[in-house]
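Asks: One structure, pasted below without further comment.
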Amino acid sequence: MKKKNCLMLFVSAICLFIGLLSATKAKATATEEYIAAHLDCAQNLMRTYKVPASLILAVAIHESASGNSKIARYLNNHFGVKGPNSNTEIRSAYRDYDSPDESYQGFIDFLEDKSSFKSLFDTCDQYNYRAWARGIQRGGYAHSRTWSSQVIAIIQKYQLYQYDERPEDYIEPTYHARPSKMRKKHRIYVVKRGDNLNSIADKKGTTVKTLMKKNGLKNSLLQPGKRLRY
């Protein structure tokens with residue numbers, strides 16, 4: 001009986017794995033089809049406005065779930081741009097467009113119209129998708145702190161940079177991750193019999209005044225076992 005149950009669990013696990021794998025492949029295929037359908041529009045905008053086609057496509061993929069989001073299906077809105085709409089099928093705070101191409105143009109217009117993004121057109125070229133993604137995030141396009149990282153990951157996953165018409169000798173700028181600001185850990189000393197603040201300060205390379213301040217001490221009396229920060 002136990003062997004039968006184990007076999008059933010094993011078969012179920014295999015079926016679940018196959019299902020997840022199929023879903024992942026289906027999602028990738030849907031995204032690849034989306035890229036093919038909107039590539040010409042993204043590249044035309046790139047040639048006119050010098051915004052990377054890779055960036056335009058990746059933002060659209062991210063914001064519209066490769067065209068499967070409700071606002072993409074009902075409003076032709078592929079970038080989450082807010083505004084009035086005349087759609088009667090759904091209630092939404094997002095604006096509607098006559099076509100996906102109009103939504104793509106609307107995204108570029110949105111960047112040009114906002115002062116927080118205008119400088120990107122002067123400082124970034126059509127080959128530097130990283131600078132565009134990070135600049136758009138800094139300008140307040142999305143609330144998520146990982147938005148630009150997610151967009152960059154999409155570009156790299158689907159190799160969208162190949163559509164940016166980079167010169168053969170183009171060298172992609174390197175970016176170094178900023179060191180994370182780790183919280184300073186307080187070191188602890190456990191008071192032993194015979195200890196006093198002077199001896200502890202000497203051992204730990206600090207001062208009596210610092211020990212008293214860090215530990216909120218009003219006098220120098222210490223009890224064995226007390227934990228002191230230094």
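Asks: Considering the stretch 34-68 alone, what residues qualify as being in contact with a Ser or Thr (Cβ under 8 Å, 6 or more places away or on another chain), in contact (Cβ under 8 Å) with a residue 24 or more places away in the chain and not hydrophobic (A, V, I, L, M, F, W, C)?
Replies: Tyr34, Ser66
Asks: Considering only the stretch 82-119, state which residues are of a type in the set (A, V, I, L, M) and modelled with pLDDT of 95 or more. Walk me through it before giving the result.
Replies: Of the stretch 82-119, the ones of a type in the set (A, V, I, L, M) are 90, 93, 108, 111.
If the condition is that a residue be of a type in the set (A, V, I, L, M) and modelled with pLDDT of 95 or more, then Ile108, Leu111 are the ones that fit.
Asks: Go over the candidates Ala72, Ala65 one by one and state the one that is out of contact with any helix residue (DSSP H, G or I) (no Cβ under 7 Å at 6 or more places or on another chain), at pLDDT 95 or above and aliphatic (A, V, I, L, M). Steps first, answer last, please.
Replies: Details: Ala72 fails: out of contact with any helix residue (DSSP H, G or I) (no Cβ under 7 Å at 6 or more places or on another chain).
None of the other options fit; the residue is Ala65.
Asks: Given the conditions (1) without any contact (Cβ under 8 Å) to a residue 40 or more places away in the chain; (2) not in a loop (DSSP other than H, G, I, E, B), report the number of the one that Tyr104 does not fulfil.
Replies: (1)
Asks: Hey, can you tell me all the residues within the stretch 76-95 that are closer than 26 Å to Leu120 by Cβ and over 19 Å from the mean Cα position of the chain (by Cα)?
Replies: Asn76, Asn77, Lys82, Gly83, Ala93, Tyr94, Arg95
Asks: Additional query: Please determine, by comparing only the residues of the stretch 162-185 that are outside any helix (DSSP H, G or I) and surrounded by 10 or more Cβ atoms within 10 Å (Cβ to Cβ), which one is modelled with the lowest pLDDT. Please lay out each step first, then the result.
Replies: Initial filter on the stretch 162-185 (outside any helix (DSSP H, G or I)): 164-185.
Pick out the ones that are also surrounded by 10 or more Cβ atoms within 10 Å (Cβ to Cβ) and you get 164-166, 170, 172, 175.
On the way: Asp164: 97, Glu165: 96, Arg166: 94, Tyr170: 89, Glu172: 85, Tyr175: 67.
Among those residues, the one meeting the criterion is Tyr175.
The values are calculated or read from the model by the stated rules, or taken from the named source; none is laboratory data. This structure is a prediction, so every number in the text was calculated from the model and none was measured. FYI the Cβ positions are ideal-geometry reconstructions off the backbone, even for glycines, and counts take in every protein chain you see.
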